[in-house]
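Accompanying notes for the structure given below.
The values are calculated or read from the model by the stated rules, or taken from the named source; none is laboratory data. From a predicted model like this one, the values you see are computed outputs, not experimental measurements. Neighbour counts run over all protein chains shown; Cβ positions are idealised from the backbone, glycine included. Just the protein is used for accessible areas: all its heavy atoms, side chains included, with ligands, DNA and RNA removed. Shrake-Rupley method; radii C 1.70, N 1.55, O 1.52, S 1.80 Å.
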Amino acid sequence: MEPAPPPALAPGVIPPERIDLGDILLRRWQPGDLEARFEAISASFEHIHPWMPWLAERPTLESQRLHSESADGSWPSPDGGFTFGIFDAAGTVLGAAGLHDRVGPATLEIGYWCHVAHTGRGVITRATAALTDIALKLPGIEQVEIRCDAANLRSAAVPHRLGYRLDRVIPRERLAPAESGFGMIWVKSTAAPDN
Ligand SMILES: CC(C)(COP(=O)(O)OP(=O)(O)OC[C@H]1O[C@@H](n2cnc3c(N)ncnc32)[C@H](O)[C@@H]1OP(=O)(O)O)[C@@H](O)C(=O)NCCC(=O)NCCS
């Protein structure tokens with residue numbers, strides 16, 4: 001395994017914990033979200049599992065509790081992530097999206113999943129647009145990447161819809177069942193915000 005690159009963000013440089021988009025809200029996960037997140041992931045298992053290595057097994061409330069304790073207690077999480085739950089006005093979990101400081105100098109990565117019952121409405125595209133804008137305004141950040149498997153066309157449609165540029169396709173280890181072994185790297189940069 002390659003060593004993790006040094007962080008792109010200086011200590012103390014962080015995104016906001018709440019991003020209000022009107023009818024949808026992105027906010028840092030709280031301990032009280034445990035059951036709602038567990039139910040969203042459980043209901044969406046067949047949808048998410050093929051593409052996301054962290055969901056190799058059906059989740060249990062206990063596995064989610066352990067994950068939450070290790071990942072949500074600090075901002076960023078110990079592995080450099082800022083993960084937001086996405087909620088509607090009633091507080092229903094629509095999905096999640098994260099900014100991850102793990103891909104190299106001056107660059108953040110965005111990842112996401114959508115509750116299967118709330119796909120096809122633009123929730124993830126809108127959340128990703130907001131996170132892209134915020135990321136590109138953080139000091140020291142010049143580029144945002146979205147990495148997805150070459151066969152994950154719904155995921156690739158998100159950066160494509162937002163005007164990201166497909167920078168390259170690289171061979172990579174298959175870590176989830178539907179993956180092809182090739183990863184797409186989509187890029188948006190401060191130098192060419194409309195690329
Ligand atoms: C990848 C994934 C997040 C995409 O979900 P999605 O529902 O297609 O994405 P969005 O929420 O942005 O919805 C987009 C759809 O809403 C439509 N839409 C409606 N209103 C919209 C708006 N205001 N803005 C953008 N799109 C809108 C789009 O046209 C698009 O429709 P289409 O699917 O018919 O083309 C979802 O399929 C998923 O969770 N997959 C499993 C996990 C995964 O693969 N994660 C990524 C790993 S790299």
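Shown for the chain: the carbon plus sulfur share of the solvent-accessible area, taken with all protein chains present and a 1.4 angstrom probe, equals 57%.
Length gained on full extension, Leu21 to Glu62, computed as 0.36 nm times the residue gap minus the Cα-Cα distance: 11.6 nm. Applying the Karplus relation 6.51 cos²θ - 1.76 cosθ + 1.60 with θ = phi - 60° to the range 58-65 yields 3J(HN,Hα) values of 4, x, 10, 4, 5, 5, 5, 5 Hz, where x marks Gly and Pro. When the Gaussian network model of the chain links Cα atoms closer than 10 Å, the mean-square fluctuations of Thr107, Thr128, Thr92 top out at Thr92. Per residue, the convex hull spanned by the Cα atoms of the range 106-195 amounts to 95 cubic angstrom. Here the label points at Arg28 and Ala89, each 7 Å from Cα along the C-beta direction, are separated by 2.7 nm in the simple model.
For the chain, the equivalent ellipsoid built from the Cα gyration tensor has semi-axes of 23, 20, 18 Å, listed from largest to smallest.
Semi-axis lengths, largest first, of the ellipsoid equivalent to the range 39-102 are 19, 16, 13 Å, with √(5λ) applied to each eigenvalue of the Cα gyration tensor. At a probe radius of 1.4 angstrom, the accessible area of the range 131-195 per residue rounds to 52 square angstrom. Note that the range 131-147 has calculated 3J(HN,Hα) couplings of 5, 4, 4, 5, 4, 6, 9, 6, x, x, 9, 10, 8, 10, 10, 10, 10 Hz, one per residue in order, obtained from phi through the Karplus relation 6.51 cos²θ - 1.76 cosθ + 1.60 (θ = phi - 60°); glycine and proline are x. Sequence-ordered 3J(HN,Hα) estimates for the range 169-183 from the Karplus curve with 6.51, -1.76 and 1.60 and θ = phi - 60° stand at 10, 10, x, 8, 4, 7, 10, 9, x, 8, 5, 8, x, 10, x Hz, glycine and proline given as x.
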